[in-house]
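J.: Have a look at this one.
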Amino acid sequence: MSARRSKERRTGTPRAWVARHMRLPLIVAAISCSFVHANEAGTLAARPGFKSKEMGLRIDVQGDGWGSANRESIETLLYSVADELLSRLPANLAVPIAVSHTDRSPVVLYERGPAGEYQVQLHASGENWHLYAYEFAHELCHILSNFDENASQQDVRYNQWFEETLCETASLFVLKNLAAKWESSPPAPRWSEAAKKLRRFFDHLLSEGHRQLPLHTPLTAWLQENEEQLRKDPYLRQKNEVVANLLLPLFRDEPQDWAALRYLNLDPSDARNSLRHYLLHWYRNAPLEHKHFVAGILAMFRLDDLVPMTPALADMTGMDPSGDLARN
């Protein structure tokens with residue numbers, strides 16, 4: 001483990017960031033993603049008029065490296081990202097977040113700042129607002145999912161890949177919802193153009209070929225082939241993103257269940273557990289209003305012996321009676 005990694009809880013997507021920075025704003029998805037844009041009004045359901053900043057959240061953009069973007073604009077974008085996730089939670093995030101630039105992959109550090117604040121580093125720079133949204137949503141998801149609960153810097157986290165997958169899902173969810181909101185009601189007129197980039201970026205990501213299950217391959221067979229690698233290396237993004245695409249419709253249809261993140265990673269044994277027991281602990285720790293949702297994820301992984309399948313769960317997860325994921 002490198003000296004830097006020993007200070008980090010989670011790292012963001014280690015992609016070829018410069019290459020993506022140059023090409024993605026200009027790409028329109030090669031295939032139609034209309035099924036995700038359907039029922040858009042429903043996906044935006046949240047506490048009406050919720051503003052995380054007004055509710056006490058503090059995001060402080062610090063330092064240099066941001067290029068042509070000013071800190072005030074970056075903070076506007078980051079608060080908007082926070083609104084999309086925190087508006088689904090029963091309480092606001094009380095701990096401040098200090099955000100600085102990095103030339104490496106985005107990350108949320110293990111170590112708190114001098115005032116106890118979370119420390120997030122983003123790679124995005126300039127006015128590439130789609131990248132700020134994508135990266136910050138991912139790191140905020142780690143914070144919301146108790147990333148530092150029962151953890152030490154040197155822990156091997158065999159189920160961290162699942163948390164990484166959830167946070168990729170959070171990035172997709174925020175990109176889509178924020179684009180829809182800013183297309184109709186931007187915080188200022190100039191942000192309507194940013195909405196177009198957010199939309200194009202989302203459409204491109206969702207349509208990437210590696211994010212699709214291979215034809216005629218159920219999720220359970222895919223997981224059996226890939227889980228051992230993921231348990232050893234949670235940053236296998238092209239594999240995480242397969243599952244993230246499958247999770248997105250669940251959060252799209254039940255966005256209030258982002259609050260279920262607050263009950264993940266709470267069991268001291270979760271670091272070394274099987275996925276089966278890791279998700280079972282999530283289900284047990286979740287309050288009644290979120291158990292149905294977590295049960296749907298259990299069912300998606302064919303862990304229906306832990307939580308019996310019901311017609312509602314089958315409909316929610318797209319499972320056929322045998323438990324395999326149906327392909328549209």
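The values are calculated or read from the model by the stated rules, or taken from the named source; none is laboratory data. Everything numeric in this text was worked out from a predicted model, so none of it was measured. Methodologically, a virtual Cβ is constructed for each residue, glycine included, from the backbone with ideal geometry; neighbour enumeration extends over all protein chains shown. Each accessible area value is taken on the protein alone, full model and side chains, heavy atoms only, with ligands, DNA and RNA left out. Shrake-Rupley method; radii C 1.70, N 1.55, O 1.52, S 1.80 Å.
J.: Can you tell me how many residues within the stretch 227-240 are open to solvent by less than 40 Å² (accessible area, probe 1.4 Å) and among the hydrophobic types (A, V, I, L, M, F, W, C)? Explain how you work it out, then say what you get.
T.: Quick first cut of the stretch 227-240, residues open to solvent by less than 40 Å² (accessible area, probe 1.4 Å) only: 230, 234-235, 237, 240.
Filter once more, keeping what is among the hydrophobic types (A, V, I, L, M, F, W, C): 230.
Residues that pass the stated criteria total 1.
J.: Now, a different point. Is one or more of the residues making up the stretch 215-226 modelled with pLDDT under 95, over 26 Å from Ser87 (Cα atoms), in contact with a helix residue (DSSP H, G or I) (Cβ under 6 Å, 6 or more places away or on another chain) and open to solvent by less than 20 Å² (accessible area, probe 1.4 Å)?
T.: No, there is no match, as no residue in the stretch 215-226 is modelled with pLDDT under 95, over 26 Å from Ser87 (Cα atoms), in contact with a helix residue (DSSP H, G or I) (Cβ under 6 Å, 6 or more places away or on another chain) and open to solvent by less than 20 Å² (accessible area, probe 1.4 Å).
J.: Also, I was wondering about something else. (1) within 19 Å of Tyr132 (Cα to Cα); (2) touching a residue at least 12 places away in the same chain (Cβ under 8 Å): which one isn't true of Glu72, the others all being true?
T.: (2)
J.: Then there is this: Starting from residues that are within 22 Å of Gly49 (Cα to Cα) and hydroxyl-bearing (Ser, Thr, Tyr), keep the ones in the stretch 151-200 and report whichever is most open to solvent (accessible area, probe 1.4 Å).
T.: Looking at residues that are within 22 Å of Gly49 (Cα to Cα) and hydroxyl-bearing (Ser, Thr, Tyr), I get Ser184.
J.: Okay, next question. Read through the list (1) touching an Asp or Glu at 6+ places or on another chain (Cβ under 9 Å); (2) at pLDDT 90 or above, then give the number of the only condition that Lys7 fails.
T.: Result: Lys7 passes all but (2).
J.: Going by the structure shown, is Asn265 touching an Asp or Glu at 6+ places or on another chain (Cβ under 6 Å), assigned to a helix (DSSP H, G or I) and within 20 Å of His142 (Cβ to Cβ)? Don't jump to the end; show me each part of the working.
T.: Values: touching an Asp or Glu at 6+ places or on another chain (Cβ under 6 Å): yes; assigned to a helix (DSSP H, G or I): no; within 20 Å of His142 (Cβ to Cβ): yes.
No: the conditions fail for Asn265.
J.: Within the stretch 201-231, work out how many residues are part of a helix (DSSP H, G or I) and touching a residue at least 24 places away in the same chain (Cβ under 8 Å). Lay out the reasoning, then the answer.
T.: Step one: list which residues in the stretch 201-231 are part of a helix (DSSP H, G or I), which gives 201-207, 209-211, 219-231.
After this cut, where a residue has to be touching a residue at least 24 places away in the same chain (Cβ under 8 Å) as well, the list is 201-207, 210-211, 219-220, 223, 227, 230-231.
Looking only at that region, the number is 15.
J.: Out of the stretch 112-139, which residues are open to solvent by less than 10 Å² (accessible area, probe 1.4 Å), touching a Phe, Trp or Tyr at 6+ places or on another chain (Cβ under 9 Å) and either of a type in the set (A, V, I, L, M, F, W, C) or without any contact (Cβ under 8 Å) to a residue 40 or more places away in the chain (or both)?
T.: Of everything in the stretch 112-139, those that are open to solvent by less than 10 Å² (accessible area, probe 1.4 Å), touching a Phe, Trp or Tyr at 6+ places or on another chain (Cβ under 9 Å) and either of a type in the set (A, V, I, L, M, F, W, C) or without any contact (Cβ under 8 Å) to a residue 40 or more places away in the chain (or both) turn out to be Val120, Leu122, Ala124, Leu131, Ala133, Ala137.
J.: Hey, can you tell me all the residues within the stretch 96-111 that are open to solvent by 20 Å² or more (accessible area, probe 1.4 Å) and not in a strand (DSSP E or B)? Break it down into steps so the answer makes sense when it comes.
T.: Going residue by residue through the stretch 96-111, those that are open to solvent by 20 Å² or more (accessible area, probe 1.4 Å) are 96, 100-101, 103-105, 109-111.
Within the stretch 96-111, Pro96, Asp103, Arg104, Ser105, Tyr110, Glu111 meet the criteria.
J.: Do you know which residues across the stretch 246-280 are buried (at least 19 other Cβ atoms within 10 Å of the Cβ), within 14 Å of Ala170 (Cα to Cα) and acidic (Asp, Glu)?
T.: Glu254, Asp257
J.: Now for a separate question. Quick check on Ser145: is it under 25 Å from Ala82 (Cβ atoms), open to solvent by less than 10 Å² (accessible area, probe 1.4 Å) and either modelled with pLDDT of 95 or more or small (Gly, Ala, Ser) (or both)?
T.: Details: under 25 Å from Ala82 (Cβ atoms): yes; open to solvent by less than 10 Å² (accessible area, probe 1.4 Å): yes; either modelled with pLDDT of 95 or more or small (Gly, Ala, Ser) (or both): yes.
The answer is yes for Ser145.
J.: Also, quick follow-up: Looking at Val307, Val243, which one is of a type in the set (Val, Ile, Thr), farther than 18 Å from Ala137 by Cα and surrounded by 16 or more Cβ atoms within 10 Å (Cβ to Cβ)? Don't jump to the end; show me each part of the working.
T.: On the way: Val243 fails: farther than 18 Å from Ala137 by Cα.
The unique qualifying residue is Val307.
J.: Right, here's the next one. Working only within the stretch 52-64, note down all residues that are in a loop (DSSP other than H, G, I, E, B) and open to solvent by less than 100 Å² (accessible area, probe 1.4 Å).
T.: Initial filter on the stretch 52-64 (in a loop (DSSP other than H, G, I, E, B)): 52-58, 62-64.
Of everything in the stretch 52-64, those that are in a loop (DSSP other than H, G, I, E, B) and open to solvent by less than 100 Å² (accessible area, probe 1.4 Å) turn out to be Ser52, Gly56, Leu57, Gln62, Gly63.
J.: For Asn285, all conditions in the list (1) out of contact with any helix residue (DSSP H, G or I) (no Cβ under 6 Å at 6 or more places or on another chain); (2) without any contact (Cβ under 8 Å) to a residue 24 or more places away in the chain; (3) open to solvent by 50 Å² or more (accessible area, probe 1.4 Å) hold save one; what is the number of the exception?
T.: (1)
J.: Checking the structure you have, find out if any residue of the stretch 79-95 is farther than 30 Å from Tyr283 by Cβ and surrounded by fewer than 24 Cβ atoms within 10 Å (Cβ to Cβ).
T.: So far as the stretch 79-95 goes, yes, one or more of its residues are farther than 30 Å from Tyr283 by Cβ and surrounded by fewer than 24 Cβ atoms within 10 Å (Cβ to Cβ).
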